[in-house]
Amino acid sequence: MLTLLKDVECFSPEYRGIKDILIVKDIIYKILEPNSSASKNEMVKTINCSGLTAVPGIIDGHVHITGGGGEEGFVSRIKEIDIEDILLSGITTVVGLLGADSQTRSLKDLLAKAKALETQGISTFIYSGSYAIPIINFTEDITSDLVLIDKVIGAGEVAISDHRSSNPCLKDMLELSSKAHLGGLISGKAGLVHIHVGDGKTGLDLMNRLLNESDLPIEQFLPTHVNRNRELFEQAKFFAENGGYIDLTAGEKAGIAVPEALQDLIQNGIDLSHVTISSDANGSIPGGGAGRIQTLFDDLIQCIQKYNINPELVFSLVTKNISKRLKQYPQKGVLSEGSDADILLMDKSFHINKLFCMGKLMVDNGQILNNKWR
Ligand code: ZN
């Protein structure tokens, strides 16, 4: 199937101007100047996209796809995520993970749900482990999980500075990170260690010690929820200034909301290529309720519309930046020739109009198209 997106304003996420995007099967085959001869080819299905803006499909690096464990007993267990909610949030790739509960939730279930979501159209990866260290694995350890299980791209979300964590010490973290690093090297994957940072007293102290006292690469670590309180956020800024990577959580109410946090990072001259945003969707929120995946898109649009932050910059956090952290760049997170055809199209008011996942049109005119598996 050959599809031409004609006259579309392109953010790759860098601004590229008006272009024609030619999709062949599941990849972006060519990005052409507008009015290219491709539209005259009768083999090509042309979609007029004038007035629409294209960005790479959003990558959400932190989603409790099987539902987070409730924190108020069994009745508060959060449900699995629905494909509809993912697609209507402009998201084409998710990374699934377990949280506090590795008793009633399992890695097998996580893997099965990731595979189901893939059949429903999106791309998926997962983390081995949960909050606690030593982590739970599919095989004997995280090294062989990375080597043997295709979808595993790292360990997470392991918790620090949180009363719900296993209170890991430096040695625990070093052992886990070394194994993930080796697994990443052998398998050619990210071998990322994704770290849940809670509201505890120690914040990122353990992370700083880990980096000071080991030879592990700083790119291997991605602490998240760093905008949950002011003190942690200040620590995270320092961490990023010193070469670390940080992940903000969308929909934050108690701490610093993403648009405000992003503005603060810009004003303080933090290198935004070190920053990503994820939703923490279907995770349980202390005190009740669940994280919603829509908050990620809502926060991005608020950054642009209310805080006047450049769309190129805003979308790079959830496309190019996270793709690099996951070692999926340039296959994902960019509109370029040869990349996966994961493309989000929005109108001038930043309403989602179309969504292509691996070259397949999944959302059109803001509505999900019929899909046998949904
Ligand atoms: Zn978390």
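The values are calculated or read from the model by the stated rules, or taken from the named source; none is laboratory data. What you see is a predicted model, and the numbers here were worked out from it, not measured in a lab. No Cβ is skipped: glycine too gets one built from the backbone with ideal geometry, and neighbour counts run over all protein chains shown. Protein only, heavy atoms only, side chains kept; ligands, DNA and RNA dropped before computing areas. Shrake-Rupley method; radii C 1.70, N 1.55, O 1.52, S 1.80 Å.
Quick look at the numbers
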| item | result |
| --- | --- |
| Every pair of residues 6+ apart whose Cβ atoms lie under 9 Å, when the first sits in segment 71-86 and is within 30 Å of L355 (Cα to Cα) while the second is among the aromatic types (F, W, Y) and open to solvent by 70 Å² or more (accessible area, probe 1.4 Å) | I83/W373 |
| Matching residues, segment 20-43, being in contact (Cβ under 8 Å) with a residue 24 or more places away in the chain and buried (at least 20 other Cβ atoms within 10 Å of the Cβ) | I21, I23, I28, I31 |
| Residues of segment 274-302 satisfying the condition of being part of a loop (DSSP other than H, G, I, E, B) and buried (at least 22 other Cβ atoms within 10 Å of the Cβ) | S279, D280, N282, G283, G291, I293 |
| For N227: the one exception among (1) open to solvent by 10 Å² or more (accessible area, probe 1.4 Å); (2) in contact (Cβ under 8 Å) with a residue 12 or more places away in the chain; (3) not in a helix (DSSP H, G or I) | (1) |
| Which numbered condition V334 fails, given (1) touching a Pro at 6+ places or on another chain (Cβ under 7 Å); (2) of a type in the set (V, I, T); (3) surrounded by fewer than 22 Cβ atoms within 10 Å (Cβ to Cβ) | (3) |
| Which numbered condition A116 misses (of (1) crowded, with 23+ Cβ neighbours inside 10 Å; (2) more than 15 Å from the chain's Cα centre (by Cα)) | (1) |
| Neighbours by Cβ (under 6 Å, 6+ apart or cross-chain): first from segment 134-156, at pLDDT 95 or above; second open to solvent by 10 Å² or more (accessible area, probe 1.4 Å) and in a strand (DSSP E or B) | K151/F125; I153/F125 |
| Verdict on D199 being more than 14 Å from the ligand (Cβ to nearest atom), closer than 16 Å to T224 by Cα and charged (D, E, K, R) | no |
| Selected residue (only one of K360, K324 is touching an Asp or Glu at 6+ places or on another chain (Cβ under 8 Å) and open to solvent by 10 Å² or more (accessible area, probe 1.4 Å)) | K360 |
| From the options F239, F221, residue that is among the aromatic types (F, W, Y) and either open to solvent by 20 Å² or more (accessible area, probe 1.4 Å) or within 16 Å of the ligand (Cβ to nearest atom) (or both) | F221 |
| Test: residue in segment 153-160 that is of a type outside the set (K, R) and open to solvent by 30 Å² or more (accessible area, probe 1.4 Å) | no |
| Residue in segment 63-80 that is crowded, with 22+ Cβ neighbours inside 10 Å, within 15 Å of the ligand (Cβ to nearest atom) and not in a loop (DSSP other than H, G, I, E, B) present | yes |
| Residue that is farthest from the ligand (Cβ to nearest atom), among those in segment 81-98 that are over 26 Å from K19 (Cβ atoms) and open to solvent by less than 10 Å² (accessible area, probe 1.4 Å) | I83 |
| Residue tally, condition within 14 Å of the ligand (Cβ to nearest atom) and either more than 23 Å from the chain's Cα centre (by Cα) or in a loop (DSSP other than H, G, I, E, B) (or both), over segment 136-165 | 5 |
| Subset tally (residues that are over 19 Å from S130 (Cα atoms) and not in a helix (DSSP H, G or I)) for segment 203-224 | 5 |
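Matching residues to (1) within 25 Å of the chain's Cα centre (by Cα); (2) modelled with pLDDT under 95; (3) farther than 27 Å from V275 by Cα:
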residue: V8; (1), (2), (3): yes, no, yes
residue: E14; (1), (2), (3): yes, no, no
residue: Y29; (1), (2), (3): yes, no, yes
residue: L32; (1), (2), (3): no, no, yes
residue: T66; (1), (2), (3): yes, no, no
residue: I81; (1), (2), (3): yes, no, no
